[in-house]
Amino acid sequence: MSKVKILSLADAGKIELNWAELNMPVLGIIGKRFEKEKPLAGLTIGIALHLEKKTGVLLKTLVAGGAKVYGASCNPNTTDDSVAAALAVLDPKNLQVFAWSNQSTEEYYWCIDQVLSSKPDIIIDDGNDLTMRIHEKQPELLKKMIGGCEETTTGIVRLNAMQKEGKLKLPIMDVNDAHSKYLLDNQFGTAQSVTDALVRGLNILLAGKTVVVYGYGWCGRGIAARMRGLGANVVVVEVEGILGPHEPGQNRALCALYDGYRVLSHSQAAKEGDIFITATGNKNVIRKEHFLEMKDGAILCNSGHFNVEIDIPALEKLSTGKKTIKDNVELYSLKGGKTILLLSEGRLVNLARPMGQGHPIEIMDGSFAVQALCVEHLVKNKSRLKPGVIKVPAELDGQVATLLLKTQGITLETPTQEQINYANEWKEGT
């Protein structure tokens with residue numbers, strides 16, 4: 001049976017779920033079809049996602065498709081306890097959740113292990129912890145599994161590394177890199193949710209402050225644009241070479257420059273910043289030497305999946321004292337009287353409770369629509385898919401984009417036959 005923090009919060013969670021459903025029309029359309037066709041009948045789906053209201057709508061959609069669903073969080077601090085409670089009482093026969101806020105590491109993996117105890121046919125992961133756990137701790141489950149889906153950039157980076165070493169034994173849909181996901185979710189969703197967390201958690205003015213954004217991938221460029229729109233002076237820090245799944249750092253730095261931002265070195269940025277936001281998906285981006293150069297009262301936060309982008313152990317060693325001054329805000333005192341503020345323990349500031357509420361509902365409507373259709377794709381093509389990272393088919397990606405536009409009342413023009421012919425000609429134009 002489900003295990004959540006406070007079951008009596010279920011009524012409050014149902015209100016949150018209902019509000020999300022009202023604003024997720026694409027997933028609603030898919031859910032109605034799933035309920036009629038039952039494409040997931042007889043399957044068990046294991047999930048490790050941020051357990052909050054938008055995720056709850058996805059879980060309900062999968063249950064509507066005929067699946068039994070077992071869910072845990074993909075982060076110790078991002079569960080909405082009211083939503084977890086609501087899901088726990090919604091349909092105990094077909095839906096069980098194991099999640100609560102502020103888990104210890106041991107509790108976090110215990111919950112993931114409860115999901116794996118269901119012997120899932122398909123998994124949906126965010127960050128690759130669930131996938132890794134199966135491969136490392138319960139490889140016998142791989143024999144019956146159809147495949148899985150991965151939600152975020154960090155997870156895809158880890159999956160690509162597994163595949164390169166020949167360790168990946170499942171076909172995993174690369175949901176993160178579907179256009180309907182990363183162009184909207186990573187860019188616009190992250191931008192608003194990070195901004196919301198800063199404003200809600202700190203109630204400070206962003207205009208006039210120098211905000212340093214580490215990484216100019218789709219998440220970073222969205223954050224930079226939103227901060228500039230609110231009047232901040234934005235600085236971008238990038239690296240040489242390729243450390244992520246997309247374009248080289250040099251190209252990203254040029255994009256940032258030509259978008260009108262200052263592109264500075266770590267050292268230069270550390271001296272100027274008021275607020276520092278990491279969005280790289282890599283480790284120890286902000287380190288000891290940067291802490292030492294920062295001004296008094298500098299604010300540090302992370303929007304990457306794991307709490308490794310800010311070198312917290314190094315900050316702890318430099319500090320003469322630490323205290324919690326409000327929810328999810330810790331003040332570190334350094335020698336000489338300087339202080340540094342760390343938000344949400346260095347975890348996802350835009351999702352860590354209570355400061356973060358996650359991406360806007362409409363954004364996750366598209367992302368989770370891709371997830372639902374990818375699960376269906378795995379089922380339909382299970383005999384043909386081989387282990388490895390699999391791109392989302394263009395037609396499926398386009399289907400979600402079309403539904404997103406349709407539900408917004410937007411109609412696109414149809415090209416004329418003359419225009420179609422012209423686009424496919426190779427002879428000299430006239």
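Laboratory data are not the source of any read-out in this text; all were calculated from the coordinates shown. Computed from a predicted structure; not experimentally measured. All Cβ positions, even for glycine, are placed from backbone atoms using ideal geometry, and neighbour counts span all protein chains on display.
Annotation: amide H of V285 within the under-5 Å range of I310, D311, sequence separation 5 or more or interchain, hydrogens built in the peptide plane.
Using 0.36 nm per residue and subtracting the Cα-Cα separation, the extra length available between D91 and N18 on full extension is 24.7 nm.
Within straight cross-link reach of K167, meaning Cα distance under 18 Å, which lysines are found once same-chain residues fewer than 8 apart are removed? List returned: K137, K143, K144, K386.
Here the range 186-346 was treated as a single set of alpha-carbon atoms; its pair distances binned every 10 Å from 0 give 11, 44, 36, 9, 0 percent. With both residues required to sit in the chain, DSSP beta bridges show an antiparallel share near 20%. Here the range 186-346 is assigned +1 on the Cβ of each Lys and Arg and -1 on the Cβ of each Asp and Glu. Its dipole about the Cα centre then comes out at about 320 debye. Both radii are taken from the alpha-carbon atoms of the chain; with Rh as the Kirkwood radius, Rg/Rh is 0.99.
Give me the net charge of G241's neighbourhood, meaning all other residues with Cβ under 14 Å from the Cβ of G241; Lys, Arg count +1, Asp, Glu -1. Taking every Cβ under 14 Å from that of G241, the sum is -2. When each of the peptides 67-73, 169-175, 407-413 is scored by how many other beta carbons lie within 10 Å of its residues on average, the order from highest to lowest is 67-73, 169-175, 407-413. Listed values for the range 78-93 are Karplus-derived 3J(HN,Hα) couplings in whole Hz (6.51 cos²θ - 1.76 cosθ + 1.60, θ = phi - 60°), namely 10, 7, 8, 4, 5, 5, 4, 5, 4, 5, 5, 9, 5, 7, x, 5, and x replaces Gly and Pro. Rounded to the nearest whole Hz, the Karplus-based 3J(HN,Hα) values (6.51 cos²θ - 1.76 cosθ + 1.60, θ = phi - 60°) of the range 168-175 follow the sequence 7, 10, 10, x, 10, 6, 7, 4, with x at glycine and proline. Which entries of K60/K382; K391/K427; K164/K322; K271/K317 have Cα-Cα distances beyond 30 Å here? Check vs 30 Å cut-off fails for K391/K427; K164/K322.
Peptides 362-368, 102-108, ordered by how many other C-beta atoms sit within 10 Å of their residues on average, highest first, read 362-368, 102-108. About the centre of its Cα atoms, the chain shows a dipole size close to 760 debye [charges on the beta carbon of Lys, Arg (+1) and Asp, Glu (-1) only; nearest 20 debye]. Between F276 and V212, I299, L300, C301, the built amide H atoms are under 5 Å apart, and every one of these is 5 or more places off in sequence or on another chain. Calculated on the alpha-carbon coordinates, the convex hull of the range 272-378 measures out at 115 cubic angstrom per residue.
Adding -39500 (n - 2.57) for every DSSP H run of four residues or longer, then dividing by how many residues the chain holds, sets the calculated 222 nm ellipticity at -12500 deg cm²/dmol. Dipole magnitude for the range 350-430: about 620 debye, using +1 per Lys or Arg Cβ and -1 per Asp or Glu Cβ, origin at the Cα centre.
Each residue of the range 384-394 was assigned a 3J(HN,Hα) from its phi angle through the Karplus curve 6.51 cos²θ - 1.76 cosθ + 1.60 (θ = phi - 60°); the sequence is 10, 8, 9, x, x, 7, 10, 5, 5, x, 4 Hz, with glycine and proline shown as x. Largest mean-square fluctuation among T131, T278, T402, in a Gaussian network model of the chain whose springs join Cα atoms under 10 Å apart, belongs to T402. Cβ-to-Cβ counts within 10 Å put S2, S117 in ascending order as S117, S2, the fewest first.
According to the Cα-based calculation, Rg over Rh for the range 355-413 is 1.07, with Rh computed by the Kirkwood formula.
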